[in-house]
Amino acid sequence: MTPHNTPEAPEAPLIRTLTPEDIPDWLRALNTGFLRPPAVSKEETEARGAGLVLPRTQGAYDGNRCVATFRSFPQQLTVVGGATVPADAISSVTVSPTHRRRGLLTRMMETDLAAARARGEVVATLIAAEYPIYGRYGFGPVTTTTEWTVDVARTGLDPRWAGPADGGRVDLVDADDVRRAGPALHDRFRRDRPGAISRDDRWWQIGTGVLRLSADPWKEPFYAQYRSASGEIEGLVSYESDDNWDDSNQPQNTATVNWLLAVTPAAERALWQYLCSIDWITRVRTGRRAPDDLLPQFLPDPRAARITTQSDWLWVRILDVERALEARTYAAAGTLVLEVTDESGPDGGRYLLRAAADGTATCARTTEDAQLTLSIADLATLWLGDDSAERLVALGRVRERQEGAASIADALLRTSRRPWCPDIF
Ligand SMILES: CC(C)(COP(=O)(O)OP(=O)(O)OC[C@H]1O[C@@H](n2cnc3c(N)ncnc32)[C@H](O)[C@@H]1OP(=O)(O)O)[C@@H](O)C(=O)NCCC(=O)NCCS
């Protein structure tokens, strides 16, 4: 006998890629998952829909209603030494609160990563909303983001600064100038910084207000550029200010940097000094910077720059160990046998890394005895240079199978700067 008051087991939602007609409901589900007002206007649907690569955009459907979202798009990630690898950039990951913890994210992730492997992408990348979500899929944190707040009065900088002393100059420019000079400048920057990612034209349109993704009013930022003595644009900054006066009628304004892009230390120094010399600005919030950013040491009193945020930022899932390890350069010649564990994918196994004196390396599967055992996620962290093998051994995450192996790994993998990804996606 069938008890007639027992609810039937709910059918698992169907997961599929989108057609153009699906976009409005998919955006509604995305907004819901991110706790934003769910209604999406026609203009917003058009603007946001145009950024979707539909064959790489998944939705989960309970009946006709979209209850989970996931998308990916092509990206280039710079690795140590300046080469780039093709990356599967993952974004817009949400599962509606009514459908969480039933495996929907896991199903969408597996589909996406399998497609990325089939396309030959070397890594998958994402920015994690919360730390515990993505380790289970083999992602490890590979860059750290740091934000400082500078107390301008304490910097020791000359408030009467009248421009760079190196023959260069700082000028205010308009959004059109930024769209003209920005892409090439960014391309130069990102090829020199492990952890940096490519930006498309859309990024510059959104960043300069040409393309609006929501109905929220656009606040036009200020833009300034640094030109070297030879006339070359070497730096750009986008910043905003609040309008805040204290009880004694003194200005107490905070300049918030949206982004500051520089390809030379001179440009970086000049733009920070410019920001710290604007009348009425008493505090500068730096926005997302590298943990080893030069800014504090540009200030006569580095303590004027206080760290207000520090957190993991870009996460990477290596999809091809051999190509990933061969793409970067190495600080010393040597060999290392790694036993990689991979519970959520096919990349586990033993790999022999052979680094040559010119910094290049080969990597192939091997049957030789392993010197270090580590997870695919920890390999990503070490690969881009944001941590050391000795530290991960101390934390119990990496195991030395041969004494001294961690220090050999660190000698090979050592980098001169921390990796940095200034972007969110
Ligand atoms: C994060 C999110 C997408 C997970 O979706 P989901 O469909 O519930 O995930 P799954 O059911 O596939 O979970 C897989 C595993 O991850 C765990 N997990 C999922 N989200 C987690 C979280 N936020 N914190 C800790 N563990 C989490 C689940 O418990 C499950 O573990 P188990 O296999 O041991 O049972 C969903 O909770 C969500 O939309 N959150 C709000 C938006 C968000 O943070 N999106 C991520 C943007 S980067």
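Here, each number is a calculation from the coordinates, and none is a lab measurement. Owing to the predicted nature of the structure, the values given are computational and were not obtained by experimental measurement. All Cβ positions, even for glycine, are placed from backbone atoms using ideal geometry, and neighbour counts span all protein chains on display.
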Looks like segment 313-425, by Cα gyration tensor root eigenvalues a ≥ b ≥ c and the a/c under 1.5 rounded cutoff (else prolate when a/b is bigger than b/c, oblate otherwise), is rounded
Compute, for segment 277-425, the length of the dipole vector about the Cα centre, with Cβ point charges of +1 (Lys, Arg) and -1 (Asp, Glu) only. Units Debye, rounded to 20. 520
Which FRET efficiency, nearest 0.05, do residue 343 and residue 162 yield, Cβ-Cβ r, R0 56 Å? 0.40
Gyration tensor on Cα atoms of the chain, a ≥ b ≥ c root eigenvalues, a/c under 1.5 rounded, else prolate if a/b beats b/c, else oblate, says oblate
Taking the Cβ-Cβ separation of residue 249 and residue 368 as r and a Förster radius of 51 Å, what is the calculated FRET efficiency to the nearest 0.05? 0.10
Would you mind computing, in nm to one decimal, how far apart the modelled labels at residue 294 and residue 307 are, each placed 7 Å from Cα along Cα→Cβ? 2.1
Report the calculated FRET efficiency for residue 50 and residue 403 (r = Cβ-Cβ distance, R0 = 56 Å), to the nearest 0.05. 0.50
Counting only C-alpha contacts under 8 Å and six or more residues apart, can you give the relative contact order of segment 160-224 as a whole percent? 40
Residue 279 paired with residue 169, simple spin-label distance in nm, labels 7 Å along Cα-to-beta-carbon: 2.1
Expressed in nanometres to one decimal, the distance between label points 7 Å along Cα→Cβ at residue 258 and residue 115 is 3.1
